[in-house]
Amino acid sequence: MGLGEYNFAPRERKQDEKFMREAIRQAKKAYALGESPIGCVIVRDDKIIARGYNRRTTDHNTLAHAEVIAIRKACKKEGDWRLEGCRMYVTLEPCQMCAGALLQCRMDEVIIGCPSPKSGCAGSIINLLEMDGWNHKVKVTFGVLEEECAGLMKQFFKELRVRVKEEKEAARAAQMQEK
Ligand SMILES: [Zn+2]
């Protein structure tokens, strides 16, 4: 099964979409802060136990990725560093740090909205989550509400490019006035 294909789990797809929709809602909170729109939720027994969204710029913190924030909350709530029996829904393929955290907390599965060709460690660059040799594997499922998740990222970076261009033009105009 290749990247981006839906890997049919025994549960219903509708259920996966319901949880991914909540992850998208979290991603939109990041968007509203001017952050890359990435959001996630952690589910146990078909109930959301933790939510997170990217706050890297807002918190001036390299570690403030959506997944790490949600894992911290879930561990606190469960009173355990292990999150066995849980699954994560995340709008974008996890990076190396978050894939590491998913392995460390022994998450059962991660369900991903869209791939991240330049930083994804669930198959795009490397699949850390399903590698042989670790003492644990995290099942990877791609392609739930992929278009919506990818669309959010595209829109964000399109707006960012416009903003950067406008700022450059404004700086140039200011320079011209000084001359
Ligand atoms: Zn990450």
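The values are calculated or read from the model by the stated rules, or taken from the named source; none is laboratory data. Model, not experiment: these values are computed from the prediction. Please note: Cβ atoms are built from the backbone with ideal geometry, for glycine as well, and neighbour counts cover all protein chains shown.
Determine which member of the set 27, 32 is within 16 Å of the ligand (Cβ to nearest atom) and not acidic (Asp, Glu).
27
What number of residues within the stretch 85-94 satisfy the criterion of being more than 12 Å from the ligand (Cβ to nearest atom) and either touching a residue at least 60 places away in the same chain (Cβ under 8 Å) or over 11 Å from residue 43 (Cα atoms) (or both)?
Summing the residues that are more than 12 Å from the ligand (Cβ to nearest atom) and either touching a residue at least 60 places away in the same chain (Cβ under 8 Å) or over 11 Å from residue 43 (Cα atoms) (or both) in the stretch 85-94 gives 1.
Taking the criterion of being surrounded by fewer than 17 Cβ atoms within 10 Å (Cβ to Cβ), within 16 Å of the ligand (Cβ to nearest atom), of a type outside the set (S, T, N, Q) and at pLDDT 95 or above, would at least one residue in the stretch 95-116 satisfy it?
Within the stretch 95-116, one or more residues are surrounded by fewer than 17 Cβ atoms within 10 Å (Cβ to Cβ), within 16 Å of the ligand (Cβ to nearest atom), of a type outside the set (S, T, N, Q) and at pLDDT 95 or above.
All but one of (1) within 28 Å of residue 132 (Cβ to Cβ); (2) within 13 Å of the chain's Cα centre (by Cα); (3) aliphatic (A, V, I, L, M); (4) more than 13 Å from the ligand (Cβ to nearest atom) hold for residue 43; which doesn't?
(2)
Could you list, in sequence order, the residues of the stretch 46-63 that are modelled with pLDDT of 95 or more and either among the charged types (D, E, K, R) or in contact with a Gly (Cβ under 9 Å, 6 or more places away or on another chain) (or both)?
Answer for the stretch 46-63, where residues must be modelled with pLDDT of 95 or more and either among the charged types (D, E, K, R) or in contact with a Gly (Cβ under 9 Å, 6 or more places away or on another chain) (or both): 47, 51, 52, 53, 54, 55, 56, 57, 58, 59.
Output the qualifying pairs, or none if there are none: Cβ atoms under 9 angstrom, residues six or more apart or on different chains, first residue in the stretch 65-78 and within 12 Å of residue 43 (Cα to Cα) and of a type outside the set (Asp, Glu), second residue part of a helix (DSSP H, G or I) and within 11 Å of the ligand (Cβ to nearest atom).
71/98; 71/101; 71/102
Every residue in the stretch 122-158 that is basic (Lys, Arg) and closer than 17 Å to residue 108 by Cα, please.
Within the stretch 122-158, 137, 139 meet the criteria.
Please find, within the stretch 81-94, the residue that is surrounded by the most Cβ atoms within 10 Å (Cβ to Cβ) out of those that are over 22 Å from residue 143 (Cα atoms) and touching a helix residue (DSSP H, G or I) at 6+ places or on another chain (Cβ under 9 Å).
By that ranking, first place goes to 83.
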